[in-house]
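Reviewing the structure listed below.
A short reminder: the numbers here are calculations on the coordinates, not readings from a lab. Bear in mind that the values here come from a model prediction, so they are computed numbers and not experimental data. Please note: Cβ atoms are built from the backbone with ideal geometry, for glycine as well, and neighbour counts cover all protein chains shown.
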Amino acid sequence: MAPPILSLRDIHLTFGGTPLLDGAELSVAEGERLCLVGRNGSGKSTLLKIAAGLIEADSGERFVQPGTTIRYLPQEPDVSGHATVRAYADAGLAPGDDPHRVTYLLERLGLDGAADPATLSGGETRRAALVRALAPDPDILLLDEPTNHLDLPTIEWLEGELAAMRAALVLISHDRRFLASLSRATLWLSLGSTRRLERGFAHFEAWRDEILDQEERQHRELDRKIARETEWLRYGVTARRRRNQGRLRALEALRKERRERRRTTGAVKIAATEGELSGKLVIEAKNLHKAFGDRTIVRDLSTRVQRGDRIGIVGANGAGKTTLLNLLTGALQPDSGTVRLGASLQPVTLDQKREKLGPRTTLVDALTGGQGDQVVVQGKGRHVVGYMKDFLFLPAQARTPIGVLSGGERGRLMLARALARPSNLLVLDEPTNDLDLETLDLLQELLAEYQGTVMLVSHDRDFLDRVVTSVIAAEGNGRWVEYAGGYADMIAQRGAEEADGGALEQPVAKRPKAAAPQRNRQGTAKRKLSFNEKHALETLPKTMAGLHERIAEFQAALADSDLFARDPEAFNDAAAGLEAAQTELAAAEEKWLALEILREELEDSPSS
């Protein structure tokens with residue numbers, strides 16, 4: 001293994017009470033690609049700041065090889081104190097760095113170098129901070145949630161840019177696909193300590209789950225051993241004899257181990273309060289048109305949303321995703337065209353900026369509306385502190401002002417507020433921002449079980465693929481096209497021209513209209529299946545059957561509870577093989593489904 005150019009050893013840090021970091025370690029070799037994962041509040045950002053040299057640990061060792069250059073992208077960049085965006089970006093350069101790199105990145109990310117940083121939006125601030133971090137071409141890049149507030153074309157461009165850089169990367173992100181694409185090793189921070197997997201994020205979750213299962217078995221065995229020894233202590237007539245004092249001390253040691261054992265952080269308990277059933281028709285839009293000045297946001301859009309649909313809206317920043325969401329839900333009136341809302345709708349909206357509450361509002365007041373200490377959830381009154389615990393807030397945080405919460409905590413709070421209200425239409429504008437992977441999993445499960453209708457804006461490709469049943473995408477000049485399935489299905493339907501990634505480097509709003517085939521909800525595509533598409537339809541079922549057999553073999557191997565202890569390498573190979581086969585199966589199923597839908601559409605459509 002290559003020697004590290006940056007390492008943290010036995011890092012300890014406590015912010016009062018329970019230690020945040022308790023022996024954490026981090027090692028980065030030249031050119032390495034490492035992702036840092038863990039729950040919100042586990043200390044990921046803090047560990048990255050220690051690595052960047054911005055804060056000092058209570059104890060432990062930080063080593064940086066002499067001459068190594070490090071650049072750090074914070075989760076919430078501060079662009080104040082600079083007259084222009086260009087001045088802010090230039091401030092990150094060191095002597096000898098190429099200033100033309102700043103010019104290139106500003107142009108590539110669509111930023112005006114002469115603009116006042118104080119006027120930047122959240123997405124523009126993130127882009128400016130990326131320019132400052134990427135321009136010097138450092139030896140190590142430490143990136144904390146680099147995709148937050150970025151649109152899909154920019155995320156895909158950033159993936160390519162980082163993949164081509166020589167710098168070692170340490171990434172924190174909630175974007176699964178981004179992590180899987182870039183990482184080659186994974187560092188898991190949990191309960192103050194770190195574990196390392198010499199594989200990328202795609203293999204992490206199976207590995208983590210097996211470790212947690214093994215630890216749970218060990219905990220149960222410890223509990224059983226304590227029960228046996230307590231029984232002996234209570235009824236053994238020789239318990240006080242000198243020759244049994246060793247056994248007594250061993251029991252006390254076991255009890256101490258259980259007391260001091262730091263259990264895995266509790267899971268978020270997410271449940272939506274569902275209202276009465278809405279009508280079958282939720283939204284019907286006809287010939288919508290909306291413009292602001294000379295700029296057309298929506299042009300001649302017609303669509304129908306029915307009960308149970310899960311609609312994703314995607315496009316570049318500035319394409320008008322939030323405007324379209326507001327038009328469809330009746331929050332904004334179109335210039336022309338009509339929107340008809342169905343009967344008995346009870347919409348609940350999760351605001352994108354999450355700024356509807358003042359920074360001095362406390363957690364309790366945010367959840368109760370300042371009315372006592374009860375929250376009505378699923379028709380029943382609950383004490384607000386108990387409801388807070390469901391979303392991993394401690395009772396001591398009840399009077400905490402919102403302004404001091406982390407981004408992830410604010411995200412959980414706004415989810416808690418939104419889901420407590422009765423609804424049959426959830427309107428979610430960037431719900432995934434700042435949420436950890438476990439909370440994202442639970443939110444996905446909730447949306448899958450939700451009986452109402454969901455409309456959401458998101459730049460998270462994995463989240464879209466797991467949640468939505470159709471995607472409405474911005475195609476430029478106010479034109480929007482609806483595609484069946486998730487984000488990957490949209491790319492497949494657009495064709496190889498955009499699937500190769502080149503077209504995606506441009507903002508969606510600037511793509512030529514010919515890049516997307518003419519399709520609508522009724523599927524009026526006027527072409528025939530290609531030879532490759534026909535061949536795939538014929539061969540994919542056999543491929544999927546083979547993958548099911550491979551998955552069963554890996555699962556049988558992993559069912560051996562002693563495999564990890566007996567042969568860690570064999571366990572890792574089986575876990576990696578299982579993850580790879582499941583990923584391959586999911587991709588094959590998605591491809592087959594998209595082609596099958598396309599075949600049916602073409603058979604049903606009139607000839608041109």
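Computed quantities for the displayed model
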item: Derived scalar couplings ³J(HN,Hα) [the range 397-406; Karplus, 6.51 cos²θ - 1.76 cosθ + 1.60; whole Hz; x for Gly, Pro]; result: 8, 3, 9, 6, x, 4, x, 9, 6, 6
item: Built amide H within the under 5 Å cut-off of residue 73, gap 5+; result: 142, 143, 144
item: Which listed pairs, of 290/591; 280/591; 44/542, have C-alpha distances above 32 Å, in listed order; result: 290/591; 44/542
item: Fewest-first ranking of 437, 332, 189, using other Cβ atoms within 10 Å as the exposure measure; result: 332, 437, 189
item: Cross-link partners of residue 389 among aspartates and glutamates (Cα-Cα below 16 Å; sequence separation of 8 or more within a chain); result: 365, 373, 409, 438
item: Computed E for residue 306/residue 373 - FRET, C-beta separation, R0 35 angstrom, nearest 0.05; result: 0.30
item: For residue 313, residues with placed amide H under 5 Å, excluding near neighbours; result: 456, 457, 458, 472
item: Order of 207, 592, 480 under a 10 Å beta carbon neighbour criterion, fewest first; result: 592, 207, 480
item: Reachable aspartates and glutamates, given that their alpha-carbon falls under 15 Å from the alpha-carbon of residue 286 and they are not under 8 places away in the same chain; result: 300, 335, 482
item: Proxy reagent accessibility, fewest Cβ within 10 Å first, across 104, 72, 483, 450; result: 104, 450, 72, 483
item: Extension gain from residue 69 to residue 537, taking 0.36 nm per residue of separation minus the Cα-Cα distance; result: 163.4 nm
item: Under 5 Å, built H, 5+ apart or other chain: amide partners of residue 190; result: 195
item: Distance (nanometres) between label positions extended 7 Å along Cα→Cβ at residue 119 and residue 553; result: 6.3
item: Relative contact order of the range 4-205, pairs being alpha-carbon contacts under 8 Å that are 6 or more residues apart, as %; result: 29
item: Table column - 3J(HN,Hα) (Hz), the range 586-591, Karplus curve with 6.51, -1.76, 1.60, x for Gly and Pro; result: 4, 5, 5, 5, 4, 5
item: Phi-based couplings in Hz for the range 303-313 (Karplus 6.51, -1.76, 1.60; Gly and Pro marked x); result: 7, 10, 10, 10, 3, x, 5, 10, 9, x, 10
item: All aspartates and glutamates inside 15 Å of residue 49 as judged from Cα atoms, apart from same-chain residues fewer than 8 positions distant; result: 25, 58, 61, 76, 78, 144, 145
